[in-house]
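Below is one structure, written out as structure tokens, with a few remarks after it.
The values are calculated or read from the model by the stated rules, or taken from the named source; none is laboratory data. Small disclaimer: the values here were computed from a predicted structure and weren't measured. So basically every Cβ, Gly included, is an ideal-geometry build from the backbone, and we count neighbours across all protein chains shown.
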Amino acid sequence: MDINDRTKEKLAKSIKALMVNKPLDKITVKEIVDNGELTRQTFYRYFQDKYHLVNWYFDKLAQQSIKQMGVSLTLEEGLTRKFTFVRNEKAFFTAAFKSSDCNSIYDYDLKLITNFYTDLIIKKTGKPVADDDLFLLDMYCQGSMDMTYKWVLDGMVMDPNDFAKLLIDALPEKLKPYLLLL
């Protein structure tokens with residue numbers, strides 16, 4: 001890990017510690033850098049704002065789960081890995097999902113999964129996604145994000161694998177051939 005990654009990790013560790021006791025929307029960059037024993041200049045060298053930091057940390061999760069679906073993981077394995085990671089970082093993700101900022105993790109994850117599934121369909125079919133399939137995909141991604149939000153804020157009681165299976169069961173039939181055979 002190079003110095004840039006170590007610095008980003010230190011900032012992530014700092015904000016994670018702060019999020020245990022304080023809502024993300026109430027945390028300041030000054031608190032993040034003071035807690036991490038870094039400078040504001042260092043923070044802004046890597047991140048536009050605290051939400052960008054949270055989304056960067058979430059993207060690390062995506063590299064290990066979502067972006068591996070169809071490469072080395074099935075859809076179920078990728079989703080289970082994602083939700084296990086989220087549950088293991090419960091305080092962080094609970095605070096992150098409570099944020100209502102326009103750069104929220106909710107919006108970031110929604111865009112990430114929608115783009116991932118869209119690209120996968122294009123890759124499998126070799127053509128743009130049909131309008132009716134886009135509608136189904138948008139509806140499914142929005143619904144799965146709403147359920148993820150609810151799962152997180154309700155305390156992540158359901159087992160990550162069981163939650164992943166339910167999300168897969170909710171896939172529209174028309175999209176299953178594109179998304180299940182990863």
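The table for this structure:
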quantity	calculated
Candidate set: region 24-36, residues that are modelled with pLDDT under 95 and surrounded by fewer than 14 Cβ atoms within 10 Å (Cβ to Cβ); chosen: the one farthest from Leu167 (Cα to Cα)	Lys26
Residue in region 37-57 that is surrounded by 20 or more Cβ atoms within 10 Å (Cβ to Cβ) and modelled with pLDDT under 90 present	yes
Conditions (1) of a type in the set (Asp, Glu); (2) farther than 27 Å from Val20 by Cβ; (3) surrounded by fewer than 17 Cβ atoms within 10 Å (Cβ to Cβ); number of the one not met by Asp133	(3)
All positions within region 134-177 that are touching a residue at least 40 places away in the same chain (Cβ under 8 Å), touching a Ser or Thr at 6+ places or on another chain (Cβ under 7 Å) and farther than 22 Å from Thr94 by Cα	none
Checklist (1) surrounded by fewer than 19 Cβ atoms within 10 Å (Cβ to Cβ); (2) farther than 30 Å from Thr7 by Cβ; (3) under 13 Å from the mean Cα position of the chain (by Cα); (4) among the polar types (S, T, N, Q) applied to Ser144, failing item	(1)
